[in-house]
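A.B. asks: This is the structure I have questions about; it appears just below.
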Amino acid sequence: KSDSDTYTCDIGDAQSRAKLVVQEIPVLFKQKLQNEEAKEGKQVKLTCELSKPDIPVKWMKGDTVLYASEKYEFKQHGTVAELIIQDVKSVDS
């Protein structure tokens, strides 16, 4: 929840108001994805680390958005986001 809002100091007969605007720090990559090699039929895990925890992550292959399935599993623990690809094939490159 954002702390941006109008705050009031009330002394009964008088009030003083101020508006607080919180500027969010942008999310950055602390650790970017690394290139991986895997043998066909095996599992591979791609991992990146963000500067803020629990940020929604969208995974893509080329221009295609990936969705959780038997093939793709997504995990997120605080600042670490993982994509696990099951049973890799040459078309997954």
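The values are calculated or read from the model by the stated rules, or taken from the named source; none is laboratory data. Since the model is a prediction, treat every value here as computed from it, not as a measurement. The accessibility values were calculated without ligands, DNA or RNA, using every heavy atom of the protein model including side chains. Shrake-Rupley method; radii C 1.70, N 1.55, O 1.52, S 1.80 Å.
A.B. asks: Please tell me the relative contact order of region 31-86 in percent, rounded to the nearest whole number, where contacts are Cα pairs under 8 Å and at least six residues apart. Before the final figure, lay out the partial values.
C.D. replies: Values: 82 pairs, mean separation 22.0, N = 56.
This gives 39 percent for region 31-86.
A.B. asks: Rounded to the nearest percent, how much of the accessible area of the chain (1.4 Å probe, protein heavy atoms only) is carbon and sulfur?
C.D. replies: Numbers: 3910 of 7830 Å².
Of the solvent-accessible surface of the chain, carbon and sulfur hold 50 percent.
A.B. asks: With every protein chain present, what accessible area does Asp3 have (1.4 Å probe, heavy atoms only), rounded to the nearest 10 Å²?
C.D. replies: 100 Å²
A.B. asks: Still on this structure: In 10 Å bins starting at 0, how do the alpha-carbon pair distances of region 31-86 split up by percent?
C.D. replies: 22, 55, 22, 1
A.B. asks: Given a cut-off of 29 Å, name the pairs among Lys19/Lys52; Lys42/Lys75; Lys19/Lys75 whose C-alpha atoms lie farther apart than that in the structure shown. Don't skip to the answer; put the middle values down first.
C.D. replies: Numbers: Lys19/Lys52 26 Å; Lys42/Lys75 18 Å; Lys19/Lys75 38 Å.
Pairs exceeding 29 Å: Lys19/Lys75.
A.B. asks: Taking a probe of 1.4 angstrom, what is the accessible area of Val88 in Å², to the nearest 10?
C.D. replies: 10 Å²
A.B. asks: For a quick check: with amide H placed at 1.01 Å from N, whose amide H comes under 5 Å from Leu66's, ignoring anything fewer than 5 positions away on the same chain?
C.D. replies: For Leu66, the qualifying residues are Trp59, Met60, Lys61.
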